[in-house]
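What follows is one structure encoded as structure tokens, with my remarks underneath.
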Amino acid sequence: MAKKKKKVVKVTKKKAAKAGKKGKGKKTEKKSGFTAVYLGLGSNVGDREEYIEQAIFLMEKNPNIEVIKRSANHETEPEGGGSQPPFINATVAIKTKLRPHKLLDVCQEIETTLGREREIEWGPRTIDIDILLYGGEIVSDDKLQIPHPLMHERLFVLKPLKEIAPQVIHPILEKTIEALFDERKAELGEKYDDELPGFKEIKGGGYDDYERW
């Protein structure tokens, strides 16, 4: 995608400490060593839906990852314009014992397996896998930022994430995913109206309907 100015969530020590305490108290997010994690998937090269399915399939093959739920697939225009095809976007809920950086390694291995090339920032890609939320944890270093620093701005992330985790709370902004989606959609007006072709649901994707390969 064409490069645009990034609006990054600033993590203060106060917010990090506060969020960390909240995260420790949520039994639903961590059980028997597993952490609830939400991933964003996107593809705009080749058979886009197939790449999404293959990425989920490869996650399922990993003994340290259990896919719990997935959203529908949505077709969206590339952020910032540019002459590249529309994206298929989806989100997935998983349980994992992998720590954030190990999970990042697994996601990047899947991207490489499916032909992801990183020559152009925000350029066309066979598959893109982003760690959106990792329980209630906050990670901020040169390699990884969790929560994803731009997720609250991106309707193509918030809309499918709202389908599977509407009441999950962003650990820094302290708002539910549903509230973040509603706020962002209001800011953008009709740009992402559900009926417009630029943002359309193209396939049901409830986990019950997911075909295990």
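The values are calculated or read from the model by the stated rules, or taken from the named source; none is laboratory data. Please read these numbers as outputs of a predicted model, since none were measured by experiment. Here the Cβ is made from the backbone with ideal geometry for all residues, glycine too, and neighbour counts use every protein chain on show.
Brief remarks follow.
- The set of residues from segment 126-149 being assigned to a loop (DSSP other than H, G, I, E, B) and either of a type in the set (S, T, N, Q) or out of contact with any helix residue (DSSP H, G or I) (no Cβ under 8 Å at 6 or more places or on another chain) (or both) comprises Thr126, Asp141, Asp142, Pro147, Pro149.
- Residues within segment 98-125 that are assigned to a loop (DSSP other than H, G, I, E, B) and modelled with pLDDT under 95, tallied: 12
- Any chance Ile172 is farther than 18 Å from Thr96 by Cβ, modelled with pLDDT of 95 or more and in contact with a Pro (Cβ under 9 Å, 6 or more places away or on another chain): yes
- Thr91 in contact with a helix residue (DSSP H, G or I) (Cβ under 6 Å, 6 or more places away or on another chain), at pLDDT below 95 and either closer than 23 Å to Ile172 by Cβ or polar (S, T, N, Q) (or both): no
- Verdict on Glu79 being surrounded by fewer than 21 Cβ atoms within 10 Å (Cβ to Cβ), of a type in the set (Asp, Glu) and at pLDDT below 95: yes
Yes/no matrix, rows are residues, columns are (1) among the polar types (S, T, N, Q); (2) buried (at least 20 other Cβ atoms within 10 Å of the Cβ); (3) in contact (Cβ under 8 Å) with a residue 60 or more places away in the chain; (4) at positive phi:
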site: Ala90; (1), (2), (3), (4): no, yes, yes, no
site: Thr112; (1), (2), (3), (4): yes, no, no, no
site: Leu132; (1), (2), (3), (4): no, yes, yes, no
site: Ser140; (1), (2), (3), (4): yes, no, yes, no
site: Met151; (1), (2), (3), (4): no, yes, yes, no
site: Leu173; (1), (2), (3), (4): no, no, yes, no
site: Ala179; (1), (2), (3), (4): no, no, no, no
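- Segment 47-73 residues that are free of Cβ contacts under 8 Å to residues at least 40 places away in the same chain and within 14 Å of Thr113 (Cβ to Cβ), paired with ones that are in a strand (DSSP E or B) and of a type outside the set (Lys, Arg) (beta carbon under 9 Å, 6 or more apart): Glu50/Ser43
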